[in-house]
Amino acid sequence: MIEVKGLSHQFKIGKKGKETIIPVLEGINLKVDYGEIVTVVGRSGSGKSTLLNLISGYIQPTEGEIFIDDHNVTSFNESKWADFRLHNLGFIFQSFQLILSMTAFENVELALTLKGVHEKERKTQTEKLFKKVGLEKFMDHYPSELSGGQQQRVSIARALILNPPIILADEPTGSLDSDTEDELLDFIKQLNHEMGITFLIITHDEKVAKIGDRIIEIVDGALVEEEYAS
Amino acid sequence: MRFKDQFKFVRQNMKKNKTRIFMTVLATAMGCAFLIVLASVGFGLQKSIVEEITQDRLMTEIQVHGKENEENAGITMDDITYFEGLDHVKAVTRRQMVDQQGEFRVGEFRAEGNAVVVDFPSETKAGFELSEGRLPEADNEVVIGHDFAESLAKWNGKETAPLNEDGTVKEEFKYKGKLIGETLNLGVKQYEGEEEKSKTFDVKIVGIGKKPTKDWEWDPNIYISEKVLSEIEAFTGTPNGTVITPNLPAEERDLMEQRKDRFYSQVSIYADDVENVKTISETIKDKKYFAYSVVDEMEQINTVFLIVKSGLIFIGTIAIIIASIGIYNTMTMAVTERAPDIGIMKAIGANPSTIKRIFLIESSYIGLLGAIFGTIVAYLITLGVNWLLPIILSNAFGEPIPGDFKFSHIPLSLPLICIGICLVVTILSGLRPARRATKVDVLKAMRREV
Ligand SMILES: Nc1ncnc2c1ncn2[C@@H]1O[C@H](COP(=O)(O)OP(=O)(O)OP(=O)(O)O)[C@@H](O)[C@H]1O
Ligand SMILES: [Mg+2]
């Protein structure tokens, strides 16, 4: 499903000519199979987010290739990436990343709108999903009128709306309290079981890491895999 | 993304900053109104002048005034035959003056005027109409001009005519009866050596011409056929009945006596359609005839006005370009403000081209709104100008301006041109902000770093 081959990434900072090169990832190889939950852990600054941003196409790798669903996404241009993301990937972020000027409903509906679905069809699909995440009473609320947990559920609804086979999550529980975190983890497991959605989750939280079928640790820019039998 | 949704998106975004959008639309509307009002003066003057020229005139007429490069510069029968043979020529009218100090008498009434020799068949084809009676059939029948009766005065034998100061005949001397069927005596003179001899031709009035189309025109002529002219020529011994007075210099006399052909003084070619006037006119101009047609004149006027109008539209466009700076600013600010939203949209899979299109729709929507409001305002200003300016001018100069004279006129093409220019300018000014929107970095935007 996701295959990373010899992936390296370096950041360049400073002015041209006097750049400092910061190597973050070095020759990463990773394979995530259909229906797996894989969690990535590592110390702060180890390059977990960088790895996910590379797989999401937000940044381009210095070296190496990434295949998603047998597509060599490293060769994609911006426009192709956009379409690929819309149809194949769902995203959950630590700070939710909801559009503040849109209601919860509009935020979830957005992907359908971008895809060009009719208004009526959008409404039924979005409402259905709101029921599923248990937020049907809050559809017309703006993000600022929702709690952190509610906002994260809205953002999960947004990630699910186009039924993507893969969901990428960077510290999805980072802004939530312990109880809400548990609810969210249960929901992720449920989605994985019922719908077979593949998850790649980045975290530094033990509890979150443990829901993974596999846990992968990044140390000094390289991967160390810990098999987990849960 | 559907256009409808993109448009909805744009409207929602615009609602968030009503004042800024309003000011930008206002500036654009002012630019458009300025352009339309400025150019409408060009259109208005052109329309009024063209209407003035074409009023009551036959657009299909080509007047021929002579021929270049020949000693004999008059138009002769040969030329007329040539004109009649051209394609798309409906009729060729030719008028000649009888070269005499014409004296006409009906009973004891007398008038002075011109005897005009016309070719009735071609005149009829060209639109010559009678108000009464019929066209001549026999050789000695004539048609009189509409105002001939007015110029007849009872003659008291003295030289001074019984006229009012303005040249009209005094009421008590006016001819009151009807003229059709009356005999008209046409006096003709010629010198034989020193001696003056005269002859009177008796002709019968059978028809009266139509009233001239223009109010100030006055037609006291009599219209005779070429057959009557031939009789006159037989008496005078000169073409067109020219009088050769004894005190004329010898050279001129010789010239006159040598002349054999009749000269046609007012020759007009009538085309079968306005569209063919230009071709005929060019053909005969190539043959070195002096030709004039309203169409020719119109073409020159239209060329001049085309330049004037283009100039005015160009100046107006500058106003729109200035307004477009406002659009550029508004759009740049909109992109900056919405960068986090753009970043999130890109993160979940919005295509850069969609984002670009949304911003271009927004800037052209502002442009379109401006153009529409500008057009409405321009129409109002034009109404005001056309109502107010004649009043001001007639007060200032003490002379009334002709009633239907329009200073400003907005043809449908003008708002369309303006909307077109406005859209092009606003899309161009929105292009850079829109491109900037597509370049928003997803990660920076999500970290609220933009
Ligand atoms: N845009 C950037 N420019 C320069 N250096 C960067 C940039 N983004 C990240 N880095 C550097 O790359 C390294 C890895 O960062 P990354 O955000 O991937 O860490 P992380 O593992 O996600 O840490 P955390 O657990 O704190 O989120 C860090 O040392 C960081 O300084
Ligand atoms: Mg991170």
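The values are calculated or read from the model by the stated rules, or taken from the named source; none is laboratory data. Here the structure is a predicted model, which means the values were calculated and not measured. Counting neighbours? That spans all protein chains shown, and the Cβs are built from the backbone with ideal geometry, glycine included. Accessible surface is based on the protein model in full, side chains and every heavy atom, while ligands, DNA and RNA are left aside. Shrake-Rupley method; radii C 1.70, N 1.55, O 1.52, S 1.80 Å.
In this structure B:R105 has an accessible area near 80 Å², from a 1.4 Å probe over the protein heavy atoms.
Diffusion coefficient (Stokes-Einstein, Kirkwood radius over C-alpha pairs, 4 °C, 1.567 mPa s) for the range B:94-253: 78 µm²/s, rounded to a whole number. The mean number of Cβ atoms from other chains found within 10 Å of a Cβ in peptide A:103-112 is 2, as a whole number.
Considering only alpha-carbon pairs that sit under 8 angstrom and 6 or more positions apart, the relative contact order computed for chain B is 29 percent.
Counting only whole DSSP H helices of chain B, the ones at least 24 Å long by C-alpha along their axis and with mean Kyte-Doolittle hydropathy no lower than 0.5 are B:18-54, B:294-348, B:352-397, B:413-438. Ranked by solvent-accessible area (1.4 Å probe, protein heavy atoms only, all chains present), the residues B:I315, A:I156 order from largest to smallest as B:I315, A:I156. Each peptide in B:408-416, B:265-273 receives the mean, over its residues, of other Cβ atoms within 10 Å, and ordering these scores from highest gives B:265-273, B:408-416. Per-residue SASA remark: A:L30, around 10 Å² accessible (1.4 Å probe; ligands, DNA and RNA not included). Please report the antiparallel percentage of DSSP beta bridges with both residues in the range B:94-253, rounded to the nearest 5. Around 80 percent antiparallel, to the nearest 5. How would the range A:4-77 be classified by its alpha-carbon gyration tensor: rounded, prolate or oblate, with rounded meaning a/c under 1.5 and the a/b versus b/c comparison settling the rest? Here the range A:4-77 falls in the oblate category. If you roll a 1.4 Å probe over the range A:2-228 with all protein chains in place, what percent of the accessible area is carbon or sulfur? In the range A:2-228, the share of accessible area belonging to carbon and sulfur is 47 percent. Among the residues of B:334-344, the average count of other protein chain beta-carbon atoms within 10 Å of the residue beta-carbon is 3.
Accessible surface buried by the A/B pair amounts to about 2300 Å², both sides summed, 1.4 Å probe. For the range B:199-267, the Cα gyration tensor yields ellipsoid semi-axes of 29, 16, 12 Å (square root of five times each eigenvalue, largest first, whole Å). Helical content alone sets the calculated 222 nm signal of chain A at -11000 deg cm²/dmol, taking -39,500 (n - 2.57) per DSSP H segment of four or more residues and averaging over every residue. Checking the cross-link pairs A:K18/B:K444; A:K128/A:K210; A:K131/B:K439; A:K80/A:K131; B:K67/B:K204; B:K125/B:K174 against a 25 Å limit on the alpha carbon distance flags A:K128/A:K210; A:K131/B:K439; A:K80/A:K131; B:K67/B:K204; B:K125/B:K174 as lying beyond it. Report the accessible area of A:T62, computed with a 1.4 Å probe over the heavy atoms of all protein chains in place, in Å² rounded to the nearest 10. Here the residue's solvent-accessible area equals roughly 80 Å². Other residues with beta-carbon under 12 Å from the beta-carbon of B:V335 carry, at +1 per Lys or Arg and -1 per Asp or Glu, a net charge of +3.
If exposed means no more than 16 neighbouring beta carbons inside 10 Å and the site is in a DSSP loop, what's the longest run of chain B without any exposed GluC sites (Glu not before Pro)? Between exposed loop sites, the widest span is B:218-448. I'd like the Kirkwood hydrodynamic radius of chain A, using the inverse of the mean 1/r over distinct C-alpha pairs, in Å. Radius from the Kirkwood sum: 18.4 Å. For B:K90, the aspartates and glutamates whose Cα falls under 15 Å of its own Cα, not counting residues fewer than eight places away in the same chain, are B:E61, B:D119, B:E123, B:D272, B:D273, B:E275. Result for chain B in a Gaussian network model with C-alpha springs under 10 Å: among B:F43, B:F104, B:F128, the largest mean-square fluctuation is at B:F128. Can you tell me what percent of all Cα-Cα pairs in the range B:275-319 are more than 11 Å apart? Value for the range B:275-319 (Cα pairs over 11 Å): 70 percent. Using a probe of 1.4 angstrom and keeping all protein chains present, the accessible surface of the range B:1-108 works out to 52 square angstrom per residue. Split the accessible area of chain B by element, probe 1.4 Å, and carbon with sulfur accounts for 57%. Starting from one equal scatterer on each C-alpha and no solvent at all, send me the Debye-based log10 I(q)/I(0) for the range B:349-400 at q = 0.15, 0.19, 0.21, 0.30 Å⁻¹, two decimals. The computed values of log10 I(q)/I(0) come out as -0.61, -0.73, -0.78, -0.99. Here B:K47 is the anchor, and the aspartates and glutamates within straight C-alpha reach of less than 12 Å, apart from those fewer than 8 places off in the same chain, are B:D404. Put the Cα centre of the range B:266-303 next to the Cα centre of the range A:112-129 and the gap is 68 Å.
Take each residue in A:113-122, count the other chain C-beta atoms within 10 Å of its C-beta, and the mean is 4. Which pairs break 26 Å Cα to Cα here: A:K115/B:K356; A:K48/B:K346; A:K137/B:K18; B:K8/B:K346? The pairs that break the limit, which is 26 Å between Cα atoms, are A:K137/B:K18.
Taking A:W81, B:W218, B:W387 and ordering them by how much accessible surface each has at a 1.4 Å probe, largest first, produces B:W387, B:W218, A:W81. Pairwise alpha-carbon distances in chain B exceed 32 Å for 62% of all pairs. Of all DSSP bridge pairs formed entirely within the protein assembly as shown, close to 75 percent run antiparallel.
When the helices of chain B are scored as -39500 (n - 2.57) per DSSP H run of n ≥ 4 and the total is divided over every residue, the value at 222 nm lands at -18000 deg cm²/dmol. From most to least packed by mean Cβ count within 10 Å, the peptides B:91-99, B:29-37 give B:29-37, B:91-99. What is the range B:283-416 by shape, rounded, prolate or oblate, if you read a ≥ b ≥ c off the alpha carbon gyration tensor as root eigenvalues and call it rounded for a/c under 1.5, prolate for a/b larger than b/c, and oblate otherwise? Here the range B:283-416 falls in the oblate category. Compute the Cα gyration tensor for the range A:169-230, then decide on rounded, prolate or oblate, letting a ≥ b ≥ c be the square roots of its eigenvalues: rounded whenever a/c is under 1.5, prolate when a/b is larger than b/c in the other cases, and oblate in all that remain. Oblate. For the protein assembly as shown, the equivalent ellipsoid derived from the alpha-carbon gyration tensor has semi-axes of 100, 26, 21 Å in decreasing order.
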